[in-house]
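Written below as structure tokens is the structure these notes are about.
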Amino acid sequence: MMETELNWLLNALEEAGKTAVKKDGEYWRASYTAEDKAVVELLAQYMREEGMEIFFDAVGNLHGVLEGKSRDVIMVGSHRDTVRHGGKYDGMLGILAGIRAAGSLYRQFGRPEKTLEVVAMAEEESSRFPASDYPGSSNIAGIMPRSALELTDADGVTLGAAIKEAGYRGEPLDRKRPEIKRFIEMHIEQGGVLEHEGKQIGIIRSIVGQWGGRIDFVGEQNHAGTTPMDLRRDPVPVMADFIRDMFCRIKPYEGDLVLTMGKIDVWPGNANVIPQKVSVTYDLRSADYDLGRKVFADMLNLQDKYRGAVRIEVTPAWEDRPTDLDPQGIEELEAVARELNYPYKIMNSGAGHDSQNMAKSYPTNMIFVPSVGGVSHHEKEYTKPGDLEAGLAVLKAYLKKLSW
Ligand SMILES: [Zn+2]
């Protein structure tokens, strides 16, 4: 029986993947587009085949409902959009595994005690609306601000208009639903820890907090040949010292924190010109809020250390606190993994997920399965069938425990 379920999942991942291929051959399922419409139709068909009633909420999240004897809801799912040139597992796995697990249990055990709801959420990846803070899940959690509807895509279309154009209600946005008793999201790891340690299941304790922004170093543009070294206000060596200092400072905390300075820009950017300005981005993540704050404060203090002939400006762009997932759910998932004899690890998620919004309103848990080579947001994204099987089995056993 297990093999049939796995085959269903493998086939469904392929079929869903096909809907993300645009006419020009590019793989990209942005929100509220033709590719999004295609996957919604496919997922709705899968949900109906498993005996679910479907509905859409204000922002167009697709919900498949297996009505239980009580109105309490156990919700499971993930996001249906993909990044440009992304892979077919990210997000989609959590939706399809949810559909299959719920459907199998329904066939086997009949009507559940608690209502089971599978959700395919819109716009988690900022696939169309940059920095939109996961409107799909924030709407279900009842925390989406109306102002989010004013965000615009690259063509100036607002989120609100895109939602309506796709045939969804838009306003009023949904309120928190007290009948939702738990949310569970299964997702690929998007890193290489599970594979490296030979574990098949990750049970997430916290989703890391993030501090991100940009640091500008402003000096004075001049001729590279005629300006003596002692008369220069060159921002480049100052930036280099600053960056090196930051990475030295985080050395003692490397197990609990990651820092990336991933984009460096130089103005005007000529080989024979002392730059006027250089800027570097920072992306600091930690599940330990106090530690993250401390390192962020260190960085602000470094401004004073290196300020002199060169002006330094730190411009924070975002700060997200870490999100702790539900401790009872973690224990229960651990018991399930142990019972089924899958090697598992309690770990943090270094990437953001819909679960961090859901956790603000409902007890929420996440299950990870390994990504081969730690690859994600890439067409080479791949999870071994044996690991998909493990994830599906854990999800199914947990849903049975919760709903039947
Ligand atoms: Zn994802």
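Tell me whether segment 137-151 contains one or more residues that are within 16 Å of the ligand (Cβ to nearest atom), in contact with a strand residue (DSSP E or B) (Cβ under 9 Å, 6 or more places away or on another chain), modelled with pLDDT of 95 or more and under 19 Å from G350 (Cα atoms).
yes
For T315, state whether it is buried (at least 19 other Cβ atoms within 10 Å of the Cβ) and β-branched (V, I, T).
On the way: buried (at least 19 other Cβ atoms within 10 Å of the Cβ): no; β-branched (V, I, T): yes.
Spelling it out, it is not the case that T315 is buried (at least 19 other Cβ atoms within 10 Å of the Cβ) and β-branched (V, I, T).
If I ask for residues that are among the small types (G, A, S), more than 12 Å from L62 (Cα to Cα) and part of a helix (DSSP H, G or I), which ones from segment 13-49 would you list? So that I can check it myself, show each step before the final result.
Step one: of segment 13-49, the residues among the small types (G, A, S) are 16-17, 20, 25, 30-31, 34, 38, 44.
The next check asks that each one be more than 12 Å from L62 (Cα to Cα); those that pass are 16-17, 20, 25, 30-31, 34, 38.
A16, G17, A34, A38 - these are the residues of segment 13-49 that are among the small types (G, A, S), more than 12 Å from L62 (Cα to Cα) and part of a helix (DSSP H, G or I).
Residues are listed down the side, and each one gets a yes or a no for (1) touching a Phe, Trp or Tyr at 6+ places or on another chain (Cβ under 8 Å); (2) of a type outside the set (A, V, I, L, M); (3) part of a strand (DSSP E or B):
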{"site": "I204", "(1), (2), (3)": "yes, no, yes"}
{"site": "W211", "(1), (2), (3)": "yes, yes, yes"}
{"site": "G225", "(1), (2), (3)": "no, yes, no"}
{"site": "C248", "(1), (2), (3)": "no, yes, no"}
{"site": "N270", "(1), (2), (3)": "no, yes, no"}
{"site": "G292", "(1), (2), (3)": "yes, yes, no"}
{"site": "F296", "(1), (2), (3)": "yes, yes, no"}
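Table: residues versus (1) within 21 Å of the chain's Cα centre (by Cα); (2) crowded, with 24+ Cβ neighbours inside 10 Å; (3) away from the ligand (no atom under 15 Å from the Cβ).
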position: Y342; (1), (2), (3): no, no, yes
position: I346; (1), (2), (3): yes, no, yes
position: N365; (1), (2), (3): yes, yes, yes
position: V372; (1), (2), (3): yes, no, yes
position: E381; (1), (2), (3): yes, no, no
position: P385; (1), (2), (3): no, no, yes
position: L392; (1), (2), (3): yes, yes, yes
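Within segment 42-58, is there a residue that is hydroxyl-bearing (S, T, Y), without any contact (Cβ under 8 Å) to a residue 60 or more places away in the chain and surrounded by fewer than 17 Cβ atoms within 10 Å (Cβ to Cβ)?
Step one: of segment 42-58, the residues hydroxyl-bearing (S, T, Y) are 46.
Now drop any that are not without any contact (Cβ under 8 Å) to a residue 60 or more places away in the chain, which leaves 46.
After this cut, where a residue has to be surrounded by fewer than 17 Cβ atoms within 10 Å (Cβ to Cβ) as well, the list is none.
No, because not a single residue in segment 42-58 is hydroxyl-bearing (S, T, Y), without any contact (Cβ under 8 Å) to a residue 60 or more places away in the chain and surrounded by fewer than 17 Cβ atoms within 10 Å (Cβ to Cβ).
Sort out which residues of segment 99-138 are assigned to a loop (DSSP other than H, G, I, E, B) and not acidic (D, E), and write them in order of number. Reasoning before the result, please.
Within segment 99-138, the subset assigned to a loop (DSSP other than H, G, I, E, B) is 110-113, 122-134.
Once the filter is applied, which keeps residues that are assigned to a loop (DSSP other than H, G, I, E, B) and not acidic (D, E), segment 99-138 yields G110, R111, P112, A122, S126, S127, R128, F129, P130, A131, S132, Y134.
Could you list, in sequence order, the residues of segment 64-111 that are small (G, A, S), within 12 Å of the ligand (Cβ to nearest atom) and crowded, with 24+ Cβ neighbours inside 10 Å?
Going residue by residue through segment 64-111, those that are small (G, A, S) are 64, 68, 70, 77-78, 86-87, 91, 94, 97-98, 101-104, 110.
Next, only the ones that are within 12 Å of the ligand (Cβ to nearest atom) stay: 77-78, 86-87, 91, 94.
G77, S78, G87, G91, G94 - these are the residues of segment 64-111 that are small (G, A, S), within 12 Å of the ligand (Cβ to nearest atom) and crowded, with 24+ Cβ neighbours inside 10 Å.
Does segment 190-210 hold any residues that are within 16 Å of the ligand (Cβ to nearest atom), touching a helix residue (DSSP H, G or I) at 6+ places or on another chain (Cβ under 7 Å) and either closer than 30 Å to T115 by Cα or polar (S, T, N, Q) (or both), and which are they?
Scanning segment 190-210 gives G202, I207.
Of all residues in segment 298-348, which are more than 24 Å from K400 (Cβ to Cβ) and of a type in the set (D, E)?
Listed by number, the residues that qualify are D298, D304, E313, E319, D320, D324.
Among the residues of segment 354-395 satisfying the criterion of being among the charged types (D, E, K, R) and in a helix (DSSP H, G or I), which is farthest from E189 (Cα to Cα)? Give the steps one after another, and end with the answer.
Here is the first cut: in segment 354-395, the ones among the charged types (D, E, K, R) are 354, 360, 379-381, 384, 387, 389.
Now narrow it down to the ones that are in a helix (DSSP H, G or I): 387, 389.
Details: D387: 11, E389: 15 Å.
Checked segment 354-395; the qualifying residue farthest from E189 (Cα to Cα) is E389.
Can you confirm whether segment 169-183 contains a residue that is touching a helix residue (DSSP H, G or I) at 6+ places or on another chain (Cβ under 7 Å), at pLDDT 95 or above and in a helix (DSSP H, G or I)?
The answer is no, given that none of the residues of segment 169-183 is touching a helix residue (DSSP H, G or I) at 6+ places or on another chain (Cβ under 7 Å), at pLDDT 95 or above and in a helix (DSSP H, G or I).
Looking at (1) part of a loop (DSSP other than H, G, I, E, B); (2) under 22 Å from L284 (Cα atoms), which is the one condition that is false for N341?
Of the numbered conditions (1) part of a loop (DSSP other than H, G, I, E, B); (2) under 22 Å from L284 (Cα atoms), the odd one out for N341 is (2).
The values are calculated or read from the model by the stated rules, or taken from the named source; none is laboratory data. In this text, all values refer to a predicted model and were calculated from it rather than measured experimentally. Note that we place each Cβ from the backbone using ideal geometry, even for glycine, and neighbour counts take in every protein chain shown.
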